[in-house]
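Trainee: One structure coming up, written as structure tokens, with questions to follow.
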Amino acid sequence: MEVSEEDTKLVKTPSSFMPELRTESAQVSYRFRCPGPGGFQCTLTGLVFVVAQEAELLYRTVQWDESLLQSAGKTPAGPLFNIQCPEEAVCELHLPHCETKDALRYEGLLSVVHISDDGLSILEPLKVTDTHVVVKVPHLSAFGLVWDTVKRFLNIKLPVNGQVLLFVRPPDPWPPVLDVFLLQNNIPVSEVAAQQGDAENIKISADCKLSIGQTYSVHCEPEDVEIQPECAEFYSKYGPNFHPTFEVFLTSDPKKVTVMVQDKKKTEVWKRSFYLPGPRRETVQRSVPAEDSVPAEDSLPAEDRLFLVRTQFINRVSDALLNQLLDKLLERGVVTDDEMQSARTKTRAEKARDVIDTVRRKGTEASSVLIAALYEVDQCLSRVLALR
């Protein structure tokens with residue numbers, strides 16, 4: 001199949017979008033309405049949708065049936081996405097891969113599986129770029145990237161593009177624990193984060209090269225920490241469950257930590273230093289008005305801070321509190337009358353989701369107003385969410 005000239009024009013410069021998230025029982029679903037024809041790339045999953053018309057996309061990851069793949073000589077090379085959209089609205093799908101340029105020289109290594117009520121079919125790529133595998137979409141259901149099992153085994157020594165993710169568990173009970181995940185870089189961070197409860201993701205550059213079947217170990221500074229296990233084998237995994245590869249028990253309560261990942265030859269494959277999140281200093285008095293901004297010591301933009309606590313906010317905030325916040329957001333000009341009235345007609349969870357996502361999308365200033373307003377009307381929840 002060839003890429004049509006019309007499809008090429010549609011995807012020439014994909015527009016990035018932040019989807020609406022819904023998390024239920026650690027399962028994340030994504031939603032986005034494409035405003036019209038064109039290419040649209042999800043900033044959380046890396047998926048690119050080429051659409052021919054305005055359409056609403058609903059998608060989520062689902063579990064692979066590896067026995068089904070084995071009979072076809074395939075093995076998962078990315079998450080399996082269940083995608084729903086009006087028929088014929090999506091004409092192309094670009095799935096992110098984790099291969100290096102050296103591996104991409106081997107023809108036939110990657111293909112796409114389409115799973116529907118009719119069974120499993122293998123789609124040959126229209127094109128493989130440095131980051132994505134492009135396929136025509138016959139009709140939407142479940143799509144996932146797969147390796148040819150034999151070709152992947154023959155090239156097992158070639159590394160994949162990986163990522164090191166760090167999550168800090170709340171220090172209760174003592175000591176705080178740093179969870180270290182070694183994963184392929186085409187696993188969405190949102191999928192991993194949804195399973196970590198109240199643990200906080202440390203935003204840090206995560207890119208590295210990892211080899212499937214290679215043994216790795218983690219080392220820390222300061223050195224008076226406990227790490228388990230001593231070493232672990234890196235293997236391909238795409239959910240549904242994500243468990244930490246290593247656990248670091250921070251017994252000395254350090255403020256700054258350096259984490260290094262080494263292979264079995266003691267070669268460093270990844271190293272980063274960062275400051276651990278801690279209790280926020282009480283720098284604001286009870287009389288602080290909603291228009292005050294986020295304290296200067298917070299290094300993350302306000303909209304990113306809201307994103308990190310989005311799920312907790314949705315689960316914890318009451319309907320009465322949401323109405324108070326909407327009043328203050330209206331007073332400050334952050335939301336319009338129409339936006340406020342629309343939010344008030346929704347259920348508590350949908351209202352909470354609407355409030356935090358609407359404000360986040362309006363940027364740092366609007367997000368700062370919401371953070372300050374929450375502190376003014378419910379200091380207890382503000383502290384629980386570590387927003388003040």
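Trainee: Inspect all residues belonging to region 201-219 and state whether any of them is among the acidic types (D, E), more than 29 Å from N82 (Cα to Cα) and assigned to a strand (DSSP E or B). Write out each step before concluding.
Mentor: Filtering region 201-219 down to residues among the acidic types (D, E) leaves 207.
With more than 29 Å from N82 (Cα to Cα) added as a condition, the list becomes none.
Within region 201-219, none of the residues are among the acidic types (D, E), more than 29 Å from N82 (Cα to Cα) and assigned to a strand (DSSP E or B).
Trainee: Only one of L68, L58 is of a type in the set (A, V, I, L, M, F, W, C), open to solvent by 20 Å² or more (accessible area, probe 1.4 Å) and not in a strand (DSSP E or B). Can you tell me which? Outline the logic, then answer.
Mentor: Details: L58 fails: not in a strand (DSSP E or B).
Matching residue, one of L68, L58: L68.
Trainee: On to the next question. Within the group V113, V133, V146, V128, which residue is surrounded by 15 or more Cβ atoms within 10 Å (Cβ to Cβ), free of Cβ contacts under 8 Å to residues at least 40 places away in the same chain and touching a helix residue (DSSP H, G or I) at 6+ places or on another chain (Cβ under 8 Å)?
Mentor: Numbers: V113 fails: free of Cβ contacts under 8 Å to residues at least 40 places away in the same chain; V133 fails: touching a helix residue (DSSP H, G or I) at 6+ places or on another chain (Cβ under 8 Å); V146 fails: free of Cβ contacts under 8 Å to residues at least 40 places away in the same chain.
Answer to the selection: V128.
Trainee: Looking at K265 and the list (1) buried (at least 20 other Cβ atoms within 10 Å of the Cβ); (2) out of contact with any His (no Cβ under 9 Å at 6 or more places or on another chain), which single condition is not satisfied?
Mentor: Checking K265 against (1) buried (at least 20 other Cβ atoms within 10 Å of the Cβ); (2) out of contact with any His (no Cβ under 9 Å at 6 or more places or on another chain), the one that fails is (1).
Trainee: Looking at (1) at pLDDT 90 or above; (2) open to solvent by 90 Å² or more (accessible area, probe 1.4 Å), can you tell me which one S25 breaks?
Mentor: (1)
Trainee: For region 265-275, check the following and say yes or no: at least one residue is assigned to a loop (DSSP other than H, G, I, E, B), more than 16 Å from S382 (Cβ to Cβ) and at pLDDT below 70. Outline the logic, then answer.
Mentor: Restricting attention to region 265-275, the residues satisfying the condition of being assigned to a loop (DSSP other than H, G, I, E, B) are 265-267.
Now narrow it down to the ones that are more than 16 Å from S382 (Cβ to Cβ): 265-267.
Subset that is at pLDDT below 70: none.
Among the residues of region 265-275, not one is assigned to a loop (DSSP other than H, G, I, E, B), more than 16 Å from S382 (Cβ to Cβ) and at pLDDT below 70, which makes the answer no.
Trainee: Does E221 fit the bill of being surrounded by fewer than 15 Cβ atoms within 10 Å (Cβ to Cβ) and either closer than 26 Å to W147 by Cβ or acidic (D, E) (or both)?
Mentor: Working: surrounded by fewer than 15 Cβ atoms within 10 Å (Cβ to Cβ): yes; either closer than 26 Å to W147 by Cβ or acidic (D, E) (or both): yes.
Yes: the conditions hold for E221.
Trainee: Under 8 Å between Cβ atoms, at least 6 apart or on separate chains: pull out the pairs that start in region 251-268 with a residue that is within 15 Å of E230 (Cβ to Cβ) and of a type in the set (D, E) and end on any residue that is loosely packed, with under 11 Cβ neighbours inside 10 Å and at pLDDT 95 or above.
Mentor: Once the first residue is within 15 Å of E230 (Cβ to Cβ) and of a type in the set (D, E) and sits in region 251-268, no partner that is loosely packed, with under 11 Cβ neighbours inside 10 Å and at pLDDT 95 or above comes close enough.
Trainee: If you take the residues of region 149-183 that are within 28 Å of R305 (Cβ to Cβ) and touching a Phe, Trp or Tyr at 6+ places or on another chain (Cβ under 7 Å), which of them is most open to solvent (accessible area, probe 1.4 Å)?
Mentor: Taking the candidates together, the pick is P175.
Every residue, every condition in (1) of a type outside the set (V, I, T); (2) modelled with pLDDT under 90; (3) open to solvent by less than 50 Å² (accessible area, probe 1.4 Å); (4) not in a loop (DSSP other than H, G, I, E, B), yes or no:
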{"site": "E230", "(1), (2), (3), (4)": "yes, no, no, no"}
{"site": "G239", "(1), (2), (3), (4)": "yes, yes, yes, no"}
{"site": "P279", "(1), (2), (3), (4)": "yes, yes, no, no"}
{"site": "E282", "(1), (2), (3), (4)": "yes, yes, no, no"}
{"site": "R286", "(1), (2), (3), (4)": "yes, yes, no, no"}
{"site": "V294", "(1), (2), (3), (4)": "no, yes, yes, no"}
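Trainee: Here's something else I'd like to know. Just for helices (runs of 4 or more DSSP H) wholly inside region 302-381: which have at least 2 residues that are open to solvent by 60 Å² or more (accessible area, probe 1.4 Å)? Lay out the reasoning, then the answer.
Mentor: Working: elements: 302-308, 310-316, 319-331, 337-344, 348-361, 364-377.
The helices (runs of 4 or more DSSP H) meeting that bar are 310-316, 319-331, 337-344, 348-361, 364-377.
Trainee: Still on this structure, please answer the following. Between Q379, Q312, which is touching a Leu at 6+ places or on another chain (Cβ under 7 Å) and at pLDDT below 90? Even if it seems obvious, please write down each step before you answer.
Mentor: Details: Q379 fails: touching a Leu at 6+ places or on another chain (Cβ under 7 Å).
So the residue among Q379, Q312 that is touching a Leu at 6+ places or on another chain (Cβ under 7 Å) and at pLDDT below 90 is Q312.
Trainee: Restricting attention to region 74-91, which residues are in contact with a helix residue (DSSP H, G or I) (Cβ under 7 Å, 6 or more places away or on another chain) and either open to solvent by 30 Å² or more (accessible area, probe 1.4 Å) or of a type in the set (A, V, I, L, M, F, W, C) (or both)?
Mentor: T75, C91
Trainee: In this structure, does N186 turn out to be modelled with pLDDT of 95 or more and open to solvent by 20 Å² or more (accessible area, probe 1.4 Å)?
Mentor: Numbers: modelled with pLDDT of 95 or more: yes; open to solvent by 20 Å² or more (accessible area, probe 1.4 Å): no.
Criteria not met by N186.
The values are calculated or read from the model by the stated rules, or taken from the named source; none is laboratory data. Bear in mind that the values here come from a model prediction, so they are computed numbers and not experimental data. All Cβ positions, glycine included, derive from the backbone under ideal geometry; neighbour counts span all protein chains shown. Side chains are part of the model used for accessible areas, which takes the heavy atoms of the whole protein and leaves out ligands, DNA and RNA. Shrake-Rupley method; radii C 1.70, N 1.55, O 1.52, S 1.80 Å.
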